[in-house]
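The structure under discussion appears below in the form of structure tokens.
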Amino acid sequence: MADFYIGQDARRPTLVVNLLDAQGNVNLTGASSVTFRMRLQNGTTAVTGTATVTQAAQGEVTYAWAANDTATPGTYIAEWSVTWSTGVTQTFPTDRVFTILVRDKAT
């Protein structure tokens with residue numbers, strides 16, 4: 001079972017997640033940028049884009065799908081890379097794999 005589902009070639013719903021660590025929601029107030037990456041399970045990187053911090057204290061980030069992000073159906077592994085104001089990078093999720101299923105169009 002995937003964590004998020006979207007149809008092939010769809011750009012909605014927007015992907016909204018809360019980044020967590022062992023203590024709970026990560027406060028992103030000190031983040032300078034967040035990058036979203038999604039790759040097919042075979043390792044081919046399909047998407048790299050900028051995520052928006054929408055509620056810093058709760059660790060909430062949003063990724064608005066761009067054209068072609070969901071063009072290829074399949075199961076993807078996603079991660080968010082946070083660059084802190086100190087230049088240090090941290091990747092989420094830290095304790096599991098986050099999966100996205102791009103459903104094939106009904107024919």
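FYI, it's all coordinate maths here, none of it is from the lab. Just so we're clear, the structure is a prediction, and the values are computed from it rather than from any experiment. Cβ: placed from backbone, ideal geometry, glycine included. Neighbour counts: every protein chain shown.
Points to keep in mind about this one:
Every residue, every condition in (1) crowded, with 16+ Cβ neighbours inside 10 Å; (2) in contact with a Pro (Cβ under 7 Å, 6 or more places away or on another chain), yes or no:
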| position | (1), (2) |
| --- | --- |
| Asp3 | no, no |
| Gln8 | no, yes |
| Val16 | no, no |
| Ser32 | no, no |
| Thr35 | yes, no |
| Met38 | yes, no |
| Gly49 | no, no |
| Ala64 | no, no |
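- Condition broken by Ala57, with the remaining ones in (1) part of a helix (DSSP H, G or I); (2) touching a residue at least 40 places away in the same chain (Cβ under 8 Å) satisfied: (2)
- Meets criteria (under 15 Å from Asp3 (Cβ atoms), surrounded by fewer than 17 Cβ atoms within 10 Å (Cβ to Cβ), in contact (Cβ under 8 Å) with a residue 24 or more places away in the chain and not aliphatic (A, V, I, L, M)) for Thr99: yes
- Listed conditions (1) farther than 19 Å from Asp3 by Cβ; (2) in contact with a strand residue (DSSP E or B) (Cβ under 8 Å, 6 or more places away or on another chain) are all met by Val88, apart from (2).
- Subset of region 14-54 that is part of a loop (DSSP other than H, G, I, E, B) and under 13 Å from the mean Cα position of the chain (by Cα) - its residue that is farthest from Tyr76 (Cα to Cα): Leu19
- In region 74-96, the residues that are under 16 Å from Val26 (Cα atoms), surrounded by 14 or more Cβ atoms within 10 Å (Cβ to Cβ) and among the aliphatic types (A, V, I, L, M): Val82
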